[in-house]
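Visitor: I'd like to ask some things about the structure below.
The values are calculated or read from the model by the stated rules, or taken from the named source; none is laboratory data. As the structure is a computational prediction, the values presented were derived from the model and not from experiment. Ideal geometry is used to build each Cβ from the backbone, glycine not excepted, and the neighbour counts take in all protein chains shown. Protein only, heavy atoms only, side chains kept; ligands, DNA and RNA dropped before computing areas. Shrake-Rupley method; radii C 1.70, N 1.55, O 1.52, S 1.80 Å.
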Amino acid sequence: MPGSNKTERNRQLKANRDAGIGDEMGRIPARIKDAAITMTCLTCKSVLTCTKTNTELKRHAEGKHGKANYEECFPGAEVHRAALEKRVTKDRKEVKGDGLTKAQRRKKAEAGMDDLLSAGICAKAGKGKKKGR
């Protein structure tokens, strides 16, 4: 009788513990996040999180201190924003080789089929299938 999923999972966790992988229970996290970048306002010393758009920092500088340029309150925020943006774009899945969207690929495929049909070449039906017999 085959083992249950629970038995298989426990076997894998034990192997992880023996190999020194994961935490003390042998669990491996699916995704490990980097620590958030926090910045301190020079004027009021409040701590805010730096994001890839820095909307919270901009809103704080304009609302609390009346400064249109948030770089005065948070020096170096643009450098951190650029680094976060670079990391996010690097982590995204790679686009397929041609760099086309799904709709553009579909149009390209349809155009290719039109070329085949106009040249008199047709695609064969599935192997071994005969219609009407």
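Visitor: Look through D18, D34, D23 and report the one residue that is surrounded by 10 or more Cβ atoms within 10 Å (Cβ to Cβ) and not aromatic (F, W, Y).
Guide: Numbers: D18 fails: surrounded by 10 or more Cβ atoms within 10 Å (Cβ to Cβ); D34 fails: surrounded by 10 or more Cβ atoms within 10 Å (Cβ to Cβ).
Only one candidate qualifies: D23.
Visitor: I would also like to ask the following. Do you know which of the residues in the stretch 72-117 that are at pLDDT below 65 and of a type outside the set (D, E, K, R) is farthest from S46 (Cα to Cα)?
Guide: Our first condition is that a residue be at pLDDT below 65; within the stretch 72-117, this holds for 91-97, 116-117.
Checking which are of a type outside the set (D, E, K, R) leaves us with 95, 97, 116-117.
Working: V95: 40, G97: 46, L116: 66, L117: 68 Å.
Out of the qualifying residues, it is L117.
Visitor: Say we look at the stretch 50-89 and pick out the residues that are over 30 Å from the mean Cα position of the chain (by Cα), over 11 Å from M39 (Cα atoms) and not aliphatic (A, V, I, L, M); which of these is most open to solvent (accessible area, probe 1.4 Å)?
Guide: Result: K64.
Let's see how each residue does on (1) part of a loop (DSSP other than H, G, I, E, B); (2) within 22 Å of R81 (Cα to Cα); (3) of a type in the set (A, V, I, L, M):
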site	(1), (2), (3)
K6	no, no, no
R9	no, no, no
K14	no, no, no
D18	no, no, no
C44	yes, yes, no
K64	no, yes, no
N69	yes, yes, no
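Visitor: Give the residues of the stretch 46-61 that are touching a helix residue (DSSP H, G or I) at 6+ places or on another chain (Cβ under 9 Å) and in a strand (DSSP E or B), sorted by residue number.
Guide: Those that are touching a helix residue (DSSP H, G or I) at 6+ places or on another chain (Cβ under 9 Å) and in a strand (DSSP E or B): L48, T49.
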